[in-house]
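Asks: Structure below; questions to follow.
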Amino acid sequence: MPPQKALLFNPRSANHKARIPNSVLQVAASIDGRYEWVIVDGNLEDAPQEKIFSYFRQGGFRYFGCTVMPGPQLKQAIPITKAVREHFPDIINIWGGYFPSNHPEVVLKSGYVDFVVNGPGDYAFPQLLDALSEGKSCEHIQSLAFLKNGTMVKTPKAALYAYDELPPLPYDKLNRFYSLHKYLGRSFLGERTIAYHSSFGCPFRCAFCAVVPIYEARWNGKSADKIYQDVKYLKETYGGDAIEFHDNNFFVSEKRTVAFSELIKKEGMNWWGEARIDTLDRYQDSSLALMREAGCRMIFFGAESGSDQLLQFMDKGGKQSGSQILSFARRLRRFDIIPEYSFVLGWPAAGEQEALRQVEAEINFIRKVKEANPDTEIIIYVYSPVPTEGSEMFEKAKQQGFSFPRKLEDWLDPAWENFDLRKNPLTPWLTPRVTGKIRNFETVLNAYYPTVSDIKLSGRQRRAIRMAASWRYQLGLYGFPYELKALQRFWLKYRQPEVEGF
Ligand code: B12
């Protein structure tokens with residue numbers, strides 16, 4: 001029997017706090033019962049390469065599948081995949097996930113990745129393994145990229161399929177590799193937090209979002225009943241008591257949200273998910289009230305900017321406006337659901353003065369949001385271009401001298417890791433004065449309004465850091481807040497949810 005087993009690797013991500021690795025688990029589900037598979041999770045292994053090699057030395061393996069997001073995960077994905085090629089040259093290396101889907105050519109031209117699954121892999125991956133095990137061509141398989149005579153072949157993208165038709169996730173098998181209890185961690189929402197993904201894509205085309213080139217404004221969600229069955233199973237079998245919905249846009253359908261809320265409300269579980277302000281603002285009051293009763297504690301929204309002109313420039317689409325961002329923060333307060341607003345600053349601008357003026361305007365807008373609803377959680381990203389070819393924003397970024405690394409290993413350069421973390425992307429139009437202004441404001445804001453999601457902070461610590469920041473926040477003096485940075489770093493060990501998750 002020729003070797004046919006697959007090893008699926010989830011490289012370590014920023015925070016080392018493990019959550020159910022849905023990317024590799026869903027890929028495992030797609031071959032479950034047909035190909036033997038094992039999972040290696042970099043978040044739970046001190047020496048993942050050694051673990052992987054020990055499996056391969058057992059024999060019987062032919063496929064190394066690696067899921068890759070941009071940023072810290074690359075630090076394990078690149079050297080380990082390269083080492084697999086050097087030490088086990090018969091193993092076929094297959095990458096999937098957001099990074100290779102958005103940057104297939106640089107990945108394939110590394111010489112140690114044989115195939116990229118472009119977008120959802122639930123059908124492409126088993127079809128690829130079938131073709132390889134039968135020695136057949138792969139060119140008929142959709143959503144695939146590979147090199148042919150040194151040139152990249154990208155097959156047509158498959159139509160987005162129904163999430164409901166996918167096989168159940170093999171939680172019990174995952175539990176054999178890593179105890180599920182290790183994955184159900186403590187968070188602001190509960191003691192045993194479930195990471196769950198219930199829909200693909202998003203119906204919108206925001207020009208700064210890496211989801212767009214992959215899903216092209218398509219969305220498909222699992223039915224409320226199926227979500228409920230899975231969650232109930234994880235509650236009863238592994239004690240899950242809260243849910244983080246990792247969907248890019250969980251709340252697209254009010255009907256689905258209401259149906260899910262009706263089902264989950266008797267379970268006493270808190271939950272969180274991602275949405276759009278204009279979509280949720282169309283929800284009826286009764287739906288918002290039911291969601292709160294059903295345990296919806298906080299919702300992440302891409303607010304992006306208070307400027308209607310910038311919202312247009314970034315193709316935010318829909319009806320979102322600066323005034324709606326404010327009024328909706330007020331509205332949500334009536335339902336005791338915490339809005340978590342993320343803003344993106346540092347757009348391509350005509351020079352430093354223009355960039356500083358933009359940042360100043362966003363700072364004043366964020367202060368208005370806090371007046372409208374002081375409980376609003378604020379997350380600040382700095383614009384890091386993603387390949388939304390043809391969008392006005394990406395074209396302007398390129399005109400201003402932006403380009404991605406041409407060699408895969410160049411992405412390991414700390415500058416590019418910072419780029420991926422969307423904190424200090426070093427884009428050509430961003431000067432140290434501009435990033436400094438953004439970072440200093442963020443420091444003062446997080447001190448004056450510490451995030452509720454940092455559950456280790458005591459009431460006394462919150463009051464103390466707020467007191468220390470009050471003169472700066474009241475007077476709008478954000479320059480060089482070293483005293484606050486020191487308190488956040490050394491006393492509070494302040495956690496930022498956007499980098500470390502909940
Ligand atoms: C959970 C999550 C995290 C977790 C880590 C998860 C982990 N792997 O351990 C945490 C919180 C640590 C995290 C951190 C960050 N993340 Co994150 N993360 C997500 C999130 C919300 C869910 C991922 C997931 O489980 N999806 C569910 C699975 C089923 O979907 P999937 O991953 O797409 O998998 C399918 C396909 O992609 C494909 N596939 C995927 N992997 C593989 C592998 C193989 C072999 C094959 C064949 C197929 C395949 O098939 C799968 C099934 O169809 C996504 C958004 C999203 N909804 O996907 C953002 C997302 C991936 N993260 C993102 C970012 C930017 C980050 C950060 C850099 C943010 C920051 N500023 O710090 C950090 C650092 C990342 C890092 N490299 O460490 C961005 C990536 C954007 C981009 N430019 O590509 C996303 C898309 C969010 C967004 N909307 O912008 N993240």
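Asks: So which residues in segment 474-492 are of a type in the set (F, W, Y) and either over 21 Å from E362 (Cα atoms) or under 30 Å from the mean Cα position of the chain (by Cα) (or both), if there are any at all? Outline the logic, then answer.
Replies: To start, the set of residues in segment 474-492 that are of a type in the set (F, W, Y) comprises 478, 480, 482, 490-491.
Hits for segment 474-492 are Y478, Y482, F490, W491.
Asks: Name, by its number, the condition in (1) among the β-branched types (V, I, T); (2) farther than 26 Å from S261 by Cα; (3) assigned to a strand (DSSP E or B) that does not hold for I194.
Replies: For I194, the failing item is (2).
Asks: A follow-up question, please. Hey, could you check segment 104-122 for residues that are open to solvent by 20 Å² or more (accessible area, probe 1.4 Å) and near the ligand (Cβ under 9 Å from one of its atoms) and say which is nearest to P156 (Cα to Cα)?
Replies: Applying the filter and picking the extreme gives P120.
Asks: For the condition open to solvent by 10 Å² or more (accessible area, probe 1.4 Å), part of a loop (DSSP other than H, G, I, E, B) and of a type in the set (A, V, I, L, M), what is the one hit in V252, V258?
Replies: Numbers: V258 fails: part of a loop (DSSP other than H, G, I, E, B).
Only one candidate passes the filter, namely V252.
Asks: Give me a count of the residues in segment 45-64 that are in a helix (DSSP H, G or I), without any contact (Cβ under 8 Å) to a residue 40 or more places away in the chain and touching a helix residue (DSSP H, G or I) at 6+ places or on another chain (Cβ under 8 Å). Give the steps one after another, and end with the answer.
Replies: Restricting attention to segment 45-64, the residues satisfying the condition of being in a helix (DSSP H, G or I) are 48-58.
Pick out the ones that are also without any contact (Cβ under 8 Å) to a residue 40 or more places away in the chain and you get 48-51, 53-54, 57-58.
Going one step further and asking which of them are touching a helix residue (DSSP H, G or I) at 6+ places or on another chain (Cβ under 8 Å), we end up with 48-49, 53.
Qualifying residue count for the region: 3.
Asks: Can we say I20 is touching a strand residue (DSSP E or B) at 6+ places or on another chain (Cβ under 6 Å) and either closer than 24 Å to N248 by Cα or assigned to a loop (DSSP other than H, G, I, E, B) (or both)? Give the steps one after another, and end with the answer.
Replies: Working: touching a strand residue (DSSP E or B) at 6+ places or on another chain (Cβ under 6 Å): yes; either closer than 24 Å to N248 by Cα or assigned to a loop (DSSP other than H, G, I, E, B) (or both): yes.
So I20 fits the description; yes.
Asks: Oh, and also: Taking G273 as the residue in question, decide whether it is closer than 18 Å to I338 by Cα, open to solvent by less than 40 Å² (accessible area, probe 1.4 Å) and among the small types (G, A, S). Please lay out each step first, then the result.
Replies: On the way: closer than 18 Å to I338 by Cα: yes; open to solvent by less than 40 Å² (accessible area, probe 1.4 Å): yes; among the small types (G, A, S): yes.
Here the answer is yes, as G273 does meet what is asked.
Asks: Please state which one of L332, L412 is over 25 Å from F313 (Cα atoms), modelled with pLDDT of 95 or more and of a type in the set (A, V, I, L, M, F, W, C). Can you show your working first?
Replies: Working: L412 fails: modelled with pLDDT of 95 or more.
When all the criteria are applied, what remains is L332.
Let's see how each residue does on (1) outside the structural domain of L74 (by TED's automatic domain parsing); (2) charged (D, E, K, R); (3) in contact with a Lys or Arg (Cβ under 9 Å, 6 or more places away or on another chain); (4) not in a helix (DSSP H, G or I):
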site: D130; (1), (2), (3), (4): no, yes, yes, no
site: L147; (1), (2), (3), (4): no, no, yes, yes
site: A159; (1), (2), (3), (4): yes, no, yes, yes
site: D164; (1), (2), (3), (4): yes, yes, yes, no
site: P167; (1), (2), (3), (4): yes, no, no, yes
site: L189; (1), (2), (3), (4): yes, no, yes, yes
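Asks: Moving on to the next point. Between a first residue in segment 240-255 that is more than 16 Å from the ligand (Cβ to nearest atom) and a second residue that is small (G, A, S) and part of a loop (DSSP other than H, G, I, E, B), which pairs have beta carbons less than 6 Å apart while being 6 or more apart in sequence or on different chains?
Replies: Final answer for the pair search is D241/G190.
Asks: Looking at segment 50-63, can you tell me whether even one residue there is within 22 Å of C209 (Cα to Cα) and near the ligand (Cβ under 9 Å from one of its atoms)? Before the answer, list the steps.
Replies: Initial filter on segment 50-63 (within 22 Å of C209 (Cα to Cα)): none.
Looking through segment 50-63, none of the residues is within 22 Å of C209 (Cα to Cα) and near the ligand (Cβ under 9 Å from one of its atoms).
Asks: Output the number of the condition that R406 fails; it satisfies all remaining conditions of (1) part of a loop (DSSP other than H, G, I, E, B); (2) closer than 20 Å to V68 by Cα; (3) open to solvent by less than 20 Å² (accessible area, probe 1.4 Å); (4) modelled with pLDDT of 90 or more.
Replies: That leaves (3) as the condition not met.
Asks: What are the residues in segment 90-103 that are more than 17 Å from the chain's Cα centre (by Cα) and near the ligand (Cβ under 8 Å from one of its atoms), if any?
Replies: Going residue by residue through segment 90-103, those that are more than 17 Å from the chain's Cα centre (by Cα) are 90-95.
Within segment 90-103, I94, W95 qualify.
Asks: I've got another one for you. Take the residues in segment 307-328 that are closer than 20 Å to N373 by Cβ and within 23 Å of the chain's Cα centre (by Cα); name whichever of them is surrounded by the fewest Cβ atoms within 10 Å (Cβ to Cβ).
Replies: Among them, the one singled out is L311.
The values are calculated or read from the model by the stated rules, or taken from the named source; none is laboratory data. These numbers were taken from a predicted model, which means no experiment stands behind them. As a convention, Cβ positions derive from the backbone with ideal geometry for all residues, glycine included, and neighbour counts pool all protein chains shown. In case anyone asks, the SASA skips ligands and DNA or RNA and just uses the protein heavy atoms, side chains included. Shrake-Rupley method; radii C 1.70, N 1.55, O 1.52, S 1.80 Å.
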